[in-house]
Amino acid sequence: MTTAPLPDPAGDSALLRLDDVGKTYRSGNLEVEALRHVTLSVAAGDYVAVMGPSGSGKSTLMHILGCLDVPTTGTYLLAGEDVSTMREDQLADVRNRRVGFVFQQFNLLPTMPAWRNVELPLVYAGMHRAERRERAVEALARVGLADRVDHRPGELSGGQQQRVSVARALVTEPTLILADEPTGNLDSHSTEDVLSLFHELHDQGRTIVLITHEHDVAAQARRQVQIRDGRLLDATLAGAR
Ligand code: ADP
Ligand code: MG
């Protein structure tokens, strides 16, 4: 199924466009409506915080935005491409080309030095080894870890580990950076560290969607969107219906 482009409140610069998206999880005869009628546009270069309590649908929204999952209903356009009806292999391709992920738990491989963790997305992209290493080292330098490229995660602080995972998110030069509770496991000093890194990335023109339940973290973004019980609250929306 293909969908014609919809009228767009964010104009032609909309990088992400969700239109009336719903997501229902089914296990056995139990159904959970994790997202309901979600309509949201995010312009290229924007920095948006998605805020909501535990269980409100934040991670589900992130999975859809990051092409880790598809909506049950509605459409999702990423850079003009309708990804809501793609097969898993197509989604994997879009994900690898367009999205960099940062997770609360860092998700680093403990036995690998920082640079090997950072180069992983380039392995999946089929790049040659020497170029991968060069790019990984460069990405680590961009997050202030030029002197830690050979350290394993266990030899780094929490804040440094999260910077490694930001470098891993950046190494493919993604269109979109998606962060799910990236400061959830960090002390206040490391939180500031990671947030100032996001500021730099935003200043460099990157598009960031940051998911958090912390107000002071969300306040760092240019725009806040509230989610409750799978619905976006109207007042926070550009182009809400
Ligand atoms: P948040 O990230 O805001 O805590 P989630 O998106 O993880 O919220 O979850 C939203 C709702 O969907 C919750 O009620 C949760 O229990 C349910 N849910 C999330 N993932 C699944 C799944 N894979 N299967 C069934 N229910 C799920
Ligand atoms: Mg979550």
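Okay, here's what the table says:
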{"item": "Stretchable slack from residue 81 to residue 27, in nm (0.36 nm times residue separation minus alpha-carbon distance)", "result": "16.5 nm"}
{"item": "Two-site FRET efficiency, residue 228 against residue 125, from Cβ-Cβ distance with R₀ of 25 Å, rounded to 0.05", "result": "0.10"}
{"item": "Calculated FRET efficiency for the pair residue 37/residue 192, C-beta based, R₀ 30 Å, to 0.05", "result": "0.25"}
{"item": "Contact order normalised by residue count of the range 160-220, Cα under 8 Å, 6+ apart, percent", "result": "41 percent"}
{"item": "Length-normalised contact order for the range 45-86 - Cα pairs under 8 Å, 6+ apart - percent", "result": "22 percent"}
{"item": "Neighbour-count ranking [beta-carbon atoms within 10 angstrom, fewest first] of 190, 41, 165", "result": "190, 41, 165"}
{"item": "Estimated dipole of the chain in Debye, rounded to 20 [Cβ of Lys and Arg +1, of Asp and Glu -1, Cα centre]", "result": "300 debye"}
{"item": "Point-to-point label distance, residue 96-residue 141, nm (Cα→Cβ direction, 7 Å offset)", "result": "2.7 nm"}
{"item": "Tensor-based shape of the range 74-200 (alpha-carbon gyration tensor, a/c under 1.5 rounded, otherwise prolate or oblate)", "result": "oblate"}
{"item": "Extension gain, residue 134 back to residue 173 (0.36 nm per residue minus Cα-Cα distance, nm)", "result": "12.6 nm"}
{"item": "Magnitude of the charge dipole, the range 33-103, Cβ model with Lys/Arg +1 and Asp/Glu -1, debye to 20", "result": "160 debye"}
{"item": "Cleavage-rule hits, trypsin sites (Lys or Arg not before Pro), the range 103-211, DSSP coil, Cβ neighbours within 10 Å at most 16", "result": "none"}
{"item": "Residue exposure sequence - 62, 112 - by fewest surrounding Cβ within 10 Å", "result": "112, 62"}
{"item": "Within the chain, helix-based [θ] at 222 nm, where runs of 4 or more DSSP H residues each add -39,500 (n - 2.57), nearest 500", "result": "-9500 deg cm²/dmol"}
{"item": "Relative contact order of the chain, pairs being alpha-carbon contacts under 8 Å that are 6 or more residues apart, as %", "result": "29 percent"}
{"item": "Least to most buried among 47, 124 (fewest other Cβ within 10 Å first)", "result": "124, 47"}
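Just so you know, all these numbers are worked out from the coordinates, no wet-lab data involved. Note that the coordinates shown come from a computational prediction; the quantities given were computed from them, not determined experimentally. We place every Cβ from the backbone using ideal geometry, glycine too, and count neighbours over all the protein chains shown.
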